[in-house]
Amino acid sequence: MNRRQALQSLGVLSAGATVAPAAVAAQTQTSVQTPASADPKSAGNSPSSDRRTVRINGADLHYSIAGEQNDHPMIVLHGGRGQGQHGGVFDAHRALADRYRLIGFDMRGHGHSSLTPPYTFEQIVDDIEQLRLTLGGGRKMVLQGGSFGGFVALSYAVRYPEGLSHLILRGTAPSWRHEAEAIDNFEARAAQKAPMATRAMLDKVFSPTIVDDEEFRLIMFALAPLYLPDGATPDYDRLLEQSRQGIYRAKVHNDLYEPATWRRFDVVERLKDISVPTLVICGEQDWICDPAQSRLMASRIPNSHLVVVPGADHSVPPQVLLRETRAFLEQNPH
């Protein structure tokens, strides 16, 4: 997995927390498409096995699946509002296909899925439910989401609790109000870690005001070093190539940041209603979804376990995420 995929994927601890070792009902139609050759622009962003498309709620969603012989579905959600793809998070969890029917997909308007509005939390949550009913066979699922994918996973958990067996929240937050901490962290770190980034750029990221896809691409290139662990030296040539190959959708980003959509995302008071076993995992140095947000979720979700990874940033190292996820699922059998 390259660094960009990991970025998108991906103090005092509450009781039961663990410190991980460092560094280590709408109608649907299904169709499968296997292109003659891979699109080079998607190299590294999609699993190299089959590329498949499923029609869900009027949108054509690009997806991958492994472990189809297993009954228990696990859907993994990418991050990156308006820019994410599922390849990185799917590959990070591929080993779990030995026990689970692993499913990853590009959300509508993202990656190789169709540009089919509306782009709202409610619509994406409904898409996930239809994926569970079709590709997941209607069984209770493990749902994993990080960053923006975590916002969506939490939204699903409070809307369709009957669809879950387990919930995994990675580097995320339960409310749009996390932005205040992210802005403070940006002000404290940007000058040293990401000197090209400005507060005006961050304000665009947190609002529906990005002008077009290319401005979106340039802003994320400038912000990219913030996602590296403290002390890491950015490889700007590599970041440039990854930025060039990325798929950026300013309209999708902006629609998902419209106040009528984004300012409605606040499930803090409903965390107590999440009854399934829940793993909350984050990096100790996460700047955009501060670890305080993970501690808040773990303190409010009754059957939760918190893992804070020392030295990790917004993207928890894939090998640590896999290890902690497998241990959590084995300790909480369905």
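The values are calculated or read from the model by the stated rules, or taken from the named source; none is laboratory data. All figures in this text were calculated on a predicted structure; none of them were measured in a lab. We place every Cβ from the backbone using ideal geometry, glycine too, and count neighbours over all the protein chains shown. The accessibility values were calculated without ligands, DNA or RNA, using every heavy atom of the protein model including side chains. Shrake-Rupley method; radii C 1.70, N 1.55, O 1.52, S 1.80 Å.
Among the listed values [x] 26, 24, 19; [y] 40, 22, 16; [z] 36, 23, 17, the one computed from these coordinates for semi-axes √(5λ) of the Cα gyration tensor in Å is [x]. Taken over region 83-154, the alpha-carbon convex hull comes to 93 cubic angstrom per residue. The residues of the chain present an accessible area of 39 Å² per residue when probed at 1.4 Å with all protein chains retained. Can you give me the Cα centroid spacing of region 76-120 and region 274-308 in angstrom? Cα centroid to Cα centroid, the span is 21 Å. Ratio of Rg to Rh for region 113-158: 0.97 [Cα atoms; Kirkwood radius as inverse mean 1/r over pairs]. In the chain, a dipole from Cβ-located charges (positive for Lys and Arg, negative for Asp and Glu) runs towards its positive end, and of Ala97, Ile168, Leu61 it is Ala97 whose Cα lies farthest in that direction. Shown here are the Rg and Dmax of the Cα trace of region 55-207, at 16.5, 50 Å. With the crude spin-label approximation of a point 7 Å out along Cα→Cβ, what separation in nm comes out for Arg323 versus Asp235? Once both label points are built, they end up 2.3 nm from each other. With q set to 0.22 Å⁻¹, the log10 of I(q)/I(0) for region 204-304, from the Debye formula over equal scatterers at the Cα positions, is -1.12. Our helix-only sum for the chain, with -39,500 (n - 2.57) per DSSP H run of n ≥ 4 divided by its residues, gives a mean residue ellipticity at 222 nm of -10500 deg cm²/dmol. Computed about the Cα centre, the dipole magnitude for the chain is approximately 420 debye when only Lys and Arg (+1) and Asp and Glu (-1) carry charge, each at its Cβ. All C-alpha pair distances within region 251-317, sorted into 10 Å bins from zero, spread as 20, 36, 36, 7 percent across the bins.
Since only Pro118, His178, Ala194 are under comparison, the one whose Cα sits farthest along the positive direction of the charge dipole of the chain, derived from C-beta charges on Lys, Arg, Asp and Glu, is Pro118. Between Arg159 and Ala180, the contour length at 0.36 nm per residue exceeds the alpha carbon distance by 4.9 nm. To put it simply, the accessible area of region 198-334 at a 1.4 Å probe is 52 percent carbon and sulfur. Rolling a 1.4 Å probe over the protein chains gives Cys289 an accessible area of about 0 Å². Cross-link partners for Lys251 among the aspartates and glutamates, with Cα-Cα distance under 15 Å and sequence neighbours closer than 8 places in the same chain left out: Asp212, Asp213, Glu214, Glu215.
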